[in-house]
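Data first, discussion second: the structure below is written as structure tokens.
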Amino acid sequence: MSGTESPRLTGAEKLTLLRIARDTLTARLQGREAGDLERYPLTPALRDRRGAFVTLHDARGGLRGCIGSIQTNKSLAETVRANAVNAGFNDPRFAPLRPAELEGLHIEISALFPGETAGSPFFRVNNPEEIVIGRDGLYLEHAVSGQGGLLLPQVPVEQGWDAASFLEHLCMKAGLPSGSWKSPACRLWRFGAEVFSEEE
């Protein structure tokens, strides 16, 4: 399975996840609890245990926060809720969201597809020619130091990178020297994600 053969979320399921993310951020900014997830129409797909990333963009389109979970014991709905909070308030690259930003905020969700082993979204990359720009996200980890970095599938498309540039930026994200992905000490995986946003 390539990761692109998994059942897709319906339009209604995507809207539910986006609503959960926005409602959660709104509640947090208003100083109240977000409420029970059971008030949303949670289909079996939204109850599946799947990793997900929540990306926030400001009114000008700039990155405002991005946090995700690769592997999780939570449902997709719970994972999106938790990472909406993390992206908005716990991304160390940015100050916490302010109420004035909420109206112009754009939310994007990347729901990870299952991988080659149960509970993981990953497929091992043995040859860089396997990488397909626009389909694959990448994860690199150094087996000794534990340093790792991840880039979502949409990133090389947005940045105009080819596979070689994608791999070099992945090394930078992991805090590893250029070309480290070739090292026997590093492990390289690809993964697929269904990416959707409020802009659609």
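The values are calculated or read from the model by the stated rules, or taken from the named source; none is laboratory data. What you are looking at is a predicted structure, and each value in this text was computed from that prediction instead of being measured. Cβ atoms come from the backbone with ideal geometry, glycine included; neighbour counts cover every protein chain shown.
Below, the figures for the structure above:
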| quantity | calculated |
| --- | --- |
| Flag if Ala59 is in contact with a helix residue (DSSP H, G or I) (Cβ under 9 Å, 6 or more places away or on another chain) and either assigned to a loop (DSSP other than H, G, I, E, B) or surrounded by fewer than 18 Cβ atoms within 10 Å (Cβ to Cβ) (or both) | yes |
| Total residues in the range 134-183, condition of a type in the set (Asp, Glu) and within 19 Å of the chain's Cα centre (by Cα) | 3 |
| The lone exception for Glu38 - which of (1) surrounded by 12 or more Cβ atoms within 10 Å (Cβ to Cβ); (2) part of a helix (DSSP H, G or I) it fails | (1) |
| Flag for Thr79 being at pLDDT below 95 and assigned by TED's automatic domain parsing to the domain that holds Leu29 | no |
| Residue that is surrounded by the fewest Cβ atoms within 10 Å (Cβ to Cβ) [pool: residues in the range 184-200 that are under 18 Å from the mean Cα position of the chain (by Cα) and within 19 Å of Gln71 (Cβ to Cβ)] | Val195 |
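Each row is one residue, and each column tells you yes or no for (1) of a type in the set (A, V, I, L, M, F, W, C); (2) touching a Gly at 6+ places or on another chain (Cβ under 6 Å); (3) closer than 23 Å to His57 by Cβ.
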residue: Glu103; (1), (2), (3): no, no, yes
residue: Ala118; (1), (2), (3): yes, no, no
residue: Phe123; (1), (2), (3): yes, yes, no
residue: Gly137; (1), (2), (3): no, no, yes
residue: Ser145; (1), (2), (3): no, no, no
residue: Glu158; (1), (2), (3): no, no, yes
